[in-house]
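The structure appears right after this line, and notes come after that.
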Amino acid sequence: MPRKPTTPAFGKKQTSGEKVNMKCPFCTNPGSKVVDKRETPDLLMTRRRRECLKCKKRYTTFERVEEIGALVVKKDGTREPFSRGKVLKGIVLACEKRPISREKIEQAVQEIESELRRKNKAEIPSADIGKMVMEKLVKLDKVAYIRFASVCREFKGLGSFEREIKAIGGVKE
Ligand SMILES: [Zn+2]
């Protein structure tokens, strides 16, 4: 059986990065083990540091992260494809000038995404995603949580805002 030609994974849609058949750039051996894996800062690509099983040299591959196929249903009833970039942006905005590492923020996005993958729904109300983000933020930073919640829930008057702060046990700067 003729083997399919191997193409660089860069910019190509992959279902699973682990299945990618990539050759070592030094000795063309296809076997490698992943020694380190992380997402690029925009969370659109997975960067894998690989070690060739034959010559033991290390090289890096970039593989596009596949977005989950769900549609987000917004308040006005319109739908748009789920975007991890949007979730990331929302969290980054809420965490602005707060002592929260980029790593923690990316981890929160990853967790939300894998939860949505597990649920495997065709449509997700935007409010559900907002709630998931709030659940992450309340554990990370209370100021960031309040910022996000005030946008998301549109607090009606000071009373509801105070109740919210009381509910999370106050805010300490
Ligand atoms: Zn090699």
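In the neighborhood of ILE112, defined by Cβ-to-Cβ distances under 14 Å, what is the net charge if each Lys or Arg adds +1 and each Asp or Glu adds -1? List each step's numbers first, then the result.
Working: positive: ARG84, LYS86, LYS89, LYS104, ARG117, ARG118, LYS119, LYS121, LYS131, LYS136, LYS139; negative: GLU39, GLU67, GLU106, GLU111, GLU113, GLU115, ASP128, GLU135.
Residues close to ILE112 contribute a combined charge of +3.
Can you give the FRET efficiency for LYS33 and LEU71, using 1/(1 + (r/R0)^6), R0 = 30 Å, r = Cβ-Cβ distance, to the nearest 0.05? Walk me through the numbers before you get to the answer.
Values: r = 37 Å, r/R0 = 1.24.
With R0 = 30 Å, the Cβ-Cβ based efficiency is 0.20.
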Whole-Hz ³J(HN,Hα) from phi, Karplus 6.51 cos²θ - 1.76 cosθ + 1.60, for the range 69-85, glycine and proline x: x, 6, 9, 9, 9, 7, 3, 7, x, 6, 10, 8, x, 4, 9, 5, x
Order of LEU71, LEU116 from fewest to most other C-beta atoms within 10 Å? LEU71, LEU116
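At R0 = 22 Å, how high is the FRET efficiency between ASP128 and LYS86 if r is their beta carbon distance? Nearest 0.05 is fine.
Calculated value: 0.95.
Bear in mind that the values in this text are calculations on the coordinates, not laboratory data. Keep in mind the model is a prediction, meaning the values are calculated, not measured. Here the Cβ is made from the backbone with ideal geometry for all residues, glycine too, and neighbour counts use every protein chain on show.
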